[in-house]
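S.K.: Provided herewith is a single structure, encoded as structure tokens, for subsequent inquiry.
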Amino acid sequence: MRYNIAMAERLADAWAEILPESHREALFASMCMLIDDFFGESEHNESLLASYLPPRYTHRYDELFYRRFFATFMTIGFKLVQPTPPAPLLSCTAEELACQALISQAEAVLQTQSVTPDFDVFTDSVYQDRDHEYLFGGQLDGIEDTDVGASMGIGMLRFNEWFEPFLNATTPVHPYSA
């Protein structure tokens, strides 16, 4: 498969001061891999992109969900090529999950190249918080519904809220996903 190398030079260039070229190239390669794999799978639940979703919600993922999530994933790529990305970059929990999938795949790509992945400063820059990580661990399931969660400002973690825009979102959620 041939890719537009010029696009590789633009993906995440807005973060060039904090993200080495090897990492930006890995993000581009990962974007291409995840897209190609998604289109190549007739059963989207078996796609590489789906493997990065919180496993405890597998029973909720249907074909419409996968299509909405894919549109969201494509939105992340669009935002990452903007010379002046929106701030905040991510507009909903699904975008946070899609961005995490992209970064996780890029880490895997870098490891195959014997490069130590370090996206810490980048993730600090693109995420407002890391609340979406609670979706991967059962020990804090439902924290958004507790007084503790409310006092910590944790929200938008319910499955039916993943595609709803954050209150401070400056860009809309992709219309197909909303």
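The values are calculated or read from the model by the stated rules, or taken from the named source; none is laboratory data. Since the model is a prediction, treat every value here as computed from it, not as a measurement. Using ideal geometry, Cβ is built from the backbone for each residue, glycine included, and neighbour counts are taken over all protein chains shown.
S.K.: Out of region 153-178, which residues are assigned to a loop (DSSP other than H, G, I, E, B), in contact (Cβ under 8 Å) with a residue 40 or more places away in the chain and of a type in the set (A, V, I, L, M, F, W, C)?
M.R.: Passing the criteria: M156, L157, W162, F163, F166, A169, V173.
S.K.: So for region 42-53 (the condition being at pLDDT 95 or above and closer than 25 Å to L167 by Cα), does at least one residue qualify?
M.R.: yes
S.K.: A further question follows. Please verify whether region 120-128 includes one or more residues that are loosely packed, with under 13 Cβ neighbours inside 10 Å, at pLDDT 85 or above, of a type in the set (D, E, K, R) and within 22 Å of Y57 (Cβ to Cβ).
M.R.: No, that holds for no residue.
S.K.: I've got another one for you. Filtering region 33-56 down to residues that are within 18 Å of C99 (Cα to Cα) and hydroxyl-bearing (S, T, Y), which residue is nearest to the chain's Cα centre (by Cα)?
M.R.: The qualifying residue nearest to the chain's Cα centre (by Cα) is Y52.
S.K.: Go through F78, F73 for me and flag whichever is surrounded by 22 or more Cβ atoms within 10 Å (Cβ to Cβ) and assigned to a helix (DSSP H, G or I).
M.R.: It is F73.
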